[in-house]
Amino acid sequence: MSYGCEINYLSGHQVVAQRGPGGLVAAHLAQNVGAWAAGAGLRWRPLAHVPLLFGGGYTYSEGGENGGHSQQYQQTGMQSNTSYFTGTRTLVHRYNETLQAQLGNLLVATGFVSLTLAANDASLIVETFRRDSRSAPFVSDNLTAVPVTDDRDAGRGLDLVFTHYLQRIRRRERLLDRGDAFTAQQRQSLISLHASVFDPGKAYGPGTSTDYRIFLEMTLWLD
């Protein structure tokens, strides 16, 4: 069993440009920032001889304002450290490949099942998203649509990732200090399929449609 938790606090001062008519900057707002985020995750392999993993996680990131003081959390740049959270060798976007959400005014619950074999691995991931503050936004790196109501329900996501690793090639190398020969693995070529669906919640209002993203990724090492 593997588990982990983290807590981050963001403190500082910022100047925000405010847009006026025509999208031009009309004013600047200076404010102090104090916000925090926390997350916890668990991964469990019930049978030692079966490479099947189950797990889940929960992340909270503060959002909104209070008396002119910003409580909007912003990512620190360390979020990529959790991209292997399903226990496979494949990098997976932590918060839905279609939405690609950034932490800040967002609560995310995640559950997954994954399988790791010698030449293949796969992950099936489900996510639910809620806003911390009804009036504050959250950032998506992929979707241009923004919430239009004050409902906290931001939506649900589903991701399927399958990777096939091409045959491993081993080569003999020689240590420079002693001259001893040893065998080392070369970098491994792979083909990976990512399929993702995001179903908008009540925060996006009625009449919204499900969005999806599918792509095939290939990495080939020729040396």
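For segment 96-105, what does the Karplus curve 6.51 cos²θ - 1.76 cosθ + 1.60, with θ = phi - 60°, yield as ³J(HN,Hα) per residue in whole Hz, taken in order and with x for Gly and Pro?
These are the phi-based 3J(HN,Hα) values: 6, 5, 6, 6, 6, 6, 9, 5, x, 6 Hz.
Once amide H atoms are built 1.01 Å from N in the peptide plane, which residues 5 or more positions from Ser133, or in another chain, come under 5 Å H to H?
For Ser133, the qualifying residues are Gly63.
Apply the Karplus parameterisation 6.51 cos²θ - 1.76 cosθ + 1.60, with θ equal to phi minus 60°, to every residue of segment 34-42 and state each ³J(HN,Hα) to the nearest whole Hz, in sequence, with x for glycine and proline.
Residue by residue, segment 34-42 yields x, 8, 9, 9, 8, x, 9, x, 9 Hz.
In bins 5 Å wide, starting from 0, what share of all Cα pairs of the chain does each bin hold, as a percent?
Calculated P(r), rounded to whole percents: 1, 6, 12, 14, 15, 14, 12, 9, 7, 5, 3, 2, 1, 0, 0.
Roughly how many whole Å is it from the C-alpha centroid of segment 137-170 to that of segment 99-114?
Using only Cα atoms to place each centre, the spacing works out to 8 Å.
Quickly rank 41-51, 136-146, 196-206 as a protection proxy: mean count of other C-beta atoms within 10 Å, highest first.
Most protected by this proxy first, the peptides run 196-206, 136-146, 41-51.
Quick query: amide H of Val139 versus all other amide H atoms, modeled in the peptide plane; which residues come in under 5 Å with a sequence gap of 5 or more or a different chain?
Long-range HN contacts for Val139: Gln102.
Bear in mind that the values in this text are calculations on the coordinates, not laboratory data. For clarity, every value in this text was computed on a predicted model and none was experimentally measured. Every residue, glycine as well, gets a Cβ built from its backbone with ideal geometry; the counts of neighbours run over all protein chains shown.
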